[in-house]
Amino acid sequence: MNRPYRSVRILGVRVDDVTMAEALDVMEGMIASGRPHQVVTVNAEFVMRAQRDEPFRVVIEKAHLALPDGYGLLWAARRLGHPLRERVAGSDIVPRLAVLAAQRGYRPFLLGAGPGVAEKAAEVLVRQNPGLQIAGTYAGSPSPAEEDEIVARIVAARPDMLFVAYGAPAQDFWIYRNLHRMGVPVAMGVGGTLDFIAGVAPRAPLWMREHGLEWLYRLVRQPWRWRRMLALPRFALAVWRERMLLRRRQR
């Protein structure tokens, strides 16, 4: 795929240097093409997982758009000499896509999250965006045993966008396996975004998001995440090592 934007490498993992406005334009182009596309939301945890999980690295590499979701990526990119211009978080772009969908007549399908969450999120999005048509909602699971049934639902609904909330990396692998069977122009893993929209889980205050502290808010509210959060200091250390190696090469 020819990409009208620059991509950078952070610890060998591809991240696309797009702004929010550019990402929306790219995804609207995907819908116009009618062909299936996968969008991934790359953050520091993705990068560290990709170091030890080659199939996951392949999913990111083959995605049609790899959004820079996470201030850790912006920090790392600056230190490695190829700065990214803007954070484009999945939790921010889904509401923006809903606005665009209401304006253009695109129809999103909400898949995953807990029982009833997708339906609540759909109600909120429709209330916020009069005229928005939701193609469908379904919880299901990322289990391969359910794939045929879920794919059949999505194919029958014929959505323009599919938001999958099974958590990373399960949601990203799920899309990768089924992308061409579904034929959805934009399929994106959205993690906890449907929970935020539905009001089931609160998102970090804006000031914390703007200062790169959303991870701390999640850790305070969900202390069981501490093992996952260990990826962050490991990421910082790996970036520092990469920076030192680059400096030695430049001497």
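Highest-first packing order for the peptide set 125-136, 38-49 is 38-49, 125-136, based on the mean count of other beta carbon atoms within 10 Å.
A simple spin-label model places pseudo-atoms 7 Å from Cα toward Cβ; at Arg181 and Glu86 they are separated by 3.6 nm. Cβ crowding within 10 Å ranks Ile175, Ile150 as Ile150, Ile175, fewest other Cβ atoms first. Take the Cβ-Cβ distance between Arg251 and Arg78 as r, set R0 to 22 Å, and report the resulting FRET efficiency rounded to the nearest 0.05. After rounding, the FRET efficiency stands at 0.60. Ordered by the count of other Cβ atoms within 10 Å of each Cβ, fewest first, His37, His180 give His180, His37. Counting Cα-Cα pairs of the chain in 5 Å increments starting at 0 gives whole-percent bin shares of 1, 6, 13, 18, 20, 17, 12, 7, 3, 1, 1, 0. The sum of -39500 (n - 2.57) across all DSSP H runs of n ≥ 4, divided by the residue count of the chain, sets its helix-only mean residue ellipticity at 222 nm to -16000 deg cm²/dmol. Among Phe196, Phe235, sorting on how many other beta-carbon atoms sit within 10 Å of each Cβ, with the fewest leading, yields Phe196, Phe235. In order along segment 178-192, the phi-based Karplus estimate (6.51 cos²θ - 1.76 cosθ + 1.60, θ = phi - 60°) of 3J(HN,Hα) comes to 10, 3, 6, 6, 7, x, 6, x, 10, 10, 9, x, 10, x, x Hz; Gly and Pro are listed as x.
None of the figures in this text is laboratory data; all of them are computed from the coordinates on show. This one's a predicted model, so the numbers in the text were calculated from it and none came from an experiment. Don't worry about glycine lacking a Cβ; one is built from the backbone with ideal geometry, like all the others, and counts go over all protein chains shown.
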